[in-house]
Amino acid sequence: MPKLSSLKELIARKSIHSLSFKLIVAIGGLIIVGSLTFWYSIIYTSEEDALRTTANHAKTYINLIKKSTFQYMLANNTDAVQKTFESMASEEGVMGIRVFDCNGAIAFSSDPRDVGKQIPGNSAICKICHEDPASPAKSLKFSKSSFKQPQWVVQKKDDTYILRSVIPIYNEPSCYTASCHFHKETKEKLGILETDYSLSDLYSMTKQQNIAIASFGVIFTALTSVILCIILWKIVIRPLIILSEGMESVSRGDLDHRVNINTKDELGMLAKTFNSMTKELKTSRERLENWAKELEEEVAKKTEEIKRGQEQYIHTEKLASLGRMAAGVAHELNSPLTGIVTFSHLLLDRIPPENKMDREDVEVIIEQAERCSKIIKGLLGFSRAMPAEKNEININKTLRHSIGMIKNQAKFHNISMEMKLDESLPVVNGDASQIEQVFLNLFINAADAMNDKGEIRIKTSNIQIDNKPYVEIVISDTGPGIPEANMSRLFEPFFTTKPVGKGTGLGLAVSHGIIRKHGGHIVVQSRPGEGASFLVRLPVPDSRGRGMENEDGHNEKTD
Ligand code: ADP
């Protein structure tokens, strides 16, 4: 139900331009005009009918007077005529009865004082028989033609309305053959009989009747208007207000707004269409919002990829310059170190066994020099530009060979190896000894992480990345996993968490370099406390042998 305030607002805002206002004015106007015409015609015709009925009575009355005095007139009994007039005039409403002779003198009258009085020649009553163009009597309009029946007019006399009836008295054979022989046979009319009948009662009665009819008309019109307004409000204005409020809500963005009009008429259909349109709009907006969200996510994803690509590029560049520097340093240090180790061994041979202190010192020199040599070998491996050889490699075979090399070592005695190898693996191109070096690094790291006790799971499979075939080797352990903070630094050269003397921080950097040179990449998955998995992915060459491009190639997948 719309609030009264909003209705007032609506009326104030839309005023004379609103449909409701126009409808009310049009229908109200029609009702008022129709009612006025109807009730006026009723009042008018009832007044006319009442007057006509009274006039008919007056006609009967005047005929009655004429007939009742006829015999007295024949007998020239003027007293009896006079008495009859006086007696008949005493009837209620009768204001006067007169007979005019042809000279305009009053021959008989209900008021004896009038008898013998002369009326002016231009009186209306005289005009019935005598034409006088100089002074026509316009107030009374009696018809002269075929004047056999009584005629009547309404006239005002002394502040009251009267009905004046007249009838001529003809000179009939019985008149001029009567014993008195008073009138000549040639005379057509002997005079005119006139009666005045008061209309006061009739008018006061019709006035009361008119007031009653008008009151009834006003009440009827008012009631009809109120009922019509209620009907109009219920079936047109209220649904229109609900619809208009609904549209305003929707334009403010509230697409959950529904209009509640359950009629089966045009407005009900409009409401139904409006509701389904709002629902459609909501669905479209949600779809648009989803698209925008998806687009945002896609942009964020691509931005992240570009960022990672840039980071990877910087990392690769860093590794490349480090590799070049390491190669130079390693190359320069390798020869003097070989000399130090060789000559230390010669020196050790020359020191007698009893000179234990000197021997121990030289042995330390040899041990440290050999450690330096190991680091340099690592650096050389890291900086190597291309795989030395490029052959077809059976990854399962290479894995088994690598495991064969370590399984007898004391470090792996308490470690179980679980293998799940896909025997349908395609071959990959590359240097088997370098790939073997990668596997060995990963095995040693796993064993170190597990403190030489636990399980290493090895799994191979054929996968697709961006619709390109890859061989995937997963090496997982049951160690403590890798802390989140270290994840991004694993492949940095010289990054190690192992104690001094045990780790060089080159194992993963070298492995990363080797795998990248083979066109592949390494992915690390780990959660602290749940072990670590290293996923080595190598591309499967296509029929033309492509699939082992290095960083300079175009189908490289970054880590
Ligand atoms: P190094 O073995 O000489 O430390 P690496 O490059 O092989 O050098 O390894 C770098 C570091 O990565 C290690 O010191 C260790 O912290 C972490 N790491 C490598 N493999 C694992 C693994 N399987 N579990 C936990 N940490 C590992």
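When each of Lys157, Lys184 is scored by the number of other beta-carbon atoms lying within 10 Å, the sequence from fewest to most is Lys184, Lys157.
Helix 4-14 and the long axis of the chain differ in direction by around 80°, with both axes built from C-alpha atoms. This ranking places Glu472, Glu296 by how few other beta-carbon atoms lie within 10 Å of each, fewest first, which gives Glu296, Glu472. Axis of helix 78-89 versus longest Cα principal axis of the chain: the two differ by about 20°, to the nearest ten degrees.
With 18 Å as the limit on Cα-Cα distance, the pairs of Lys397/Lys420; Lys407/Lys453; Lys390/Lys420; Lys66/Lys184; Lys420/Lys498 that go past it are Lys390/Lys420; Lys66/Lys184; Lys420/Lys498.
With bins 5 Å wide beginning at 0, the percent of Cα pairs of region 255-314 falling in each bin runs 5, 16, 14, 11, 9, 9, 7, 7, 6, 5, 4, 3, 3, 1, 0.
Share of Cα-Cα pairs in the chain beyond 43 Å, in percent? Counting every Cα pair in the chain, those more than 43 Å apart make up 64 percent. Calculated FRET efficiency, Asn262 to Lys307, Cβ-Cβ distance, R0 = 51 Å: about 0.35 to the nearest 0.05.
Count Lys and Arg as plus one, Asp and Glu as minus one, and take only other residues whose Cβ is under 14 Å from that of Ile458; the net charge is then -1. Residues Ser90, Ser123, ranked from the fewest to the most other C-beta atoms within 10 Å, line up as Ser90, Ser123. Extending 7 Å from the Cα toward the beta-carbon at both Lys498 and Gln209 defines two label points whose distance is 13.1 nm.
About the centre of its Cα atoms, the chain shows a dipole size close to 1900 debye [charges on the beta carbon of Lys, Arg (+1) and Asp, Glu (-1) only; nearest 20 debye].
Subtracting the Cα-Cα distance of Lys187 and Val153 from their residue separation scaled by 0.36 nm leaves 9.5 nm. Among beta bridges identified by DSSP and lying wholly in region 411-469, the antiparallel ones come to about 25 percent. Label-to-label distance, Ile27 versus Lys453, with points set 7 angstrom from Cα along the beta-carbon direction: 9.7 nm.
Taking all C-alpha pairs of region 215-292, those more than 19 Å from each other amount to 51 percent. With R₀ set to 56 Å, the beta-carbon distance separating Lys411 from Ala292 gives a calculated FRET efficiency near 0.50. Entry note, the chain: the mean residue ellipticity at 222 nm calculated from DSSP H runs of n ≥ 4, each adding -39500 (n - 2.57), is -18500 deg cm²/dmol after division by the residues and rounding to the nearest 500. Fully extending the segment from Arg400 to Ile42, taken as 0.36 nm per residue of separation minus the present Cα-Cα distance, adds 116.7 nm. To test your reading of the geometry: what angle, between 0 and 90 degrees and rounded to tens, separates the Cα axis of helix 356-383 from the longest principal axis of the chain? Orientation of helix 356-383: about 40 degrees from the principal axis. A simple count of charges around Phe85, restricted to other residues whose Cβ falls under 14 Å of its Cβ and scoring Lys, Arg +1 and Asp, Glu -1, yields -2. Report the label-to-label distance for Glu363 and Ile219 in nanometres (one decimal), using points 7 Å from each Cα along the Cα→Cβ vector. Distance between label points: 13.6 nm. Relative to the current alpha-carbon distance between Gln71 and Asp349, full extension at 0.36 nm per residue lengthens the span by 80.4 nm.
Readers should treat all values here as calculations from the given coordinates under stated rules, not as data from a laboratory. From a predicted model like this one, the values you see are computed outputs, not experimental measurements. All Cβ positions, even for glycine, are placed from backbone atoms using ideal geometry, and neighbour counts span all protein chains on display.
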